[in-house]
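Comments concern the structure below.
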């Protein structure tokens, strides 16, 4: 298995925004999660995640990660991944991944 923080971002208050992860190895079975870096009291749900994937070539895929902020304040977060299956040998996979922050979703 392989896991890491892929990017950090800030979700605007009470809005959704999309981060696109491009050039991801298509053979990897990947789980995406979020971890808030903005504490709240009392603890309440802060973020929701919707994941969409498309195959962009025989070896690469692209993920659209729609992050919805469930609070009335901006929330900074980490976009984390966990590769559950696939060849993650670093000598065979140099991650040339690009993360693009897209406009808020209306």
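The values are calculated or read from the model by the stated rules, or taken from the named source; none is laboratory data. No experiment lies behind these values; they were computed from the predicted model shown. All Cβ positions, even for glycine, are placed from backbone atoms using ideal geometry, and neighbour counts span all protein chains on display.
Selection of the stretch 51-83 for residues being in contact (Cβ under 8 Å) with a residue 12 or more places away in the chain and exposed (fewer than 13 other Cβ atoms within 10 Å of the Cβ) yields 52, 55, 57, 58, 59, 72, 73, 76. One residue stands out among those in the stretch 41-50 that are in a loop (DSSP other than H, G, I, E, B) and touching a residue at least 12 places away in the same chain (Cβ under 8 Å): the one that is nearest to residue 20 (Cα to Cα), which is 46.
Please go through the stretch 65-82 and give me each residue that is over 11 Å from residue 17 (Cβ atoms) and assigned to a strand (DSSP E or B), ordered by number. Give the steps one after another, and end with the answer.
Our first condition is that a residue be over 11 Å from residue 17 (Cβ atoms); within the stretch 65-82, this holds for 70-73, 76, 78-82.
Correct list: 76, 78, 79, 80, 81, 82.
Of all residues assigned to the stretch 87-94, none qualifies as being within 22 Å of residue 2 (Cα to Cα), touching a strand residue (DSSP E or B) at 6+ places or on another chain (Cβ under 6 Å), exposed (fewer than 12 other Cβ atoms within 10 Å of the Cβ) and modelled with pLDDT under 95.
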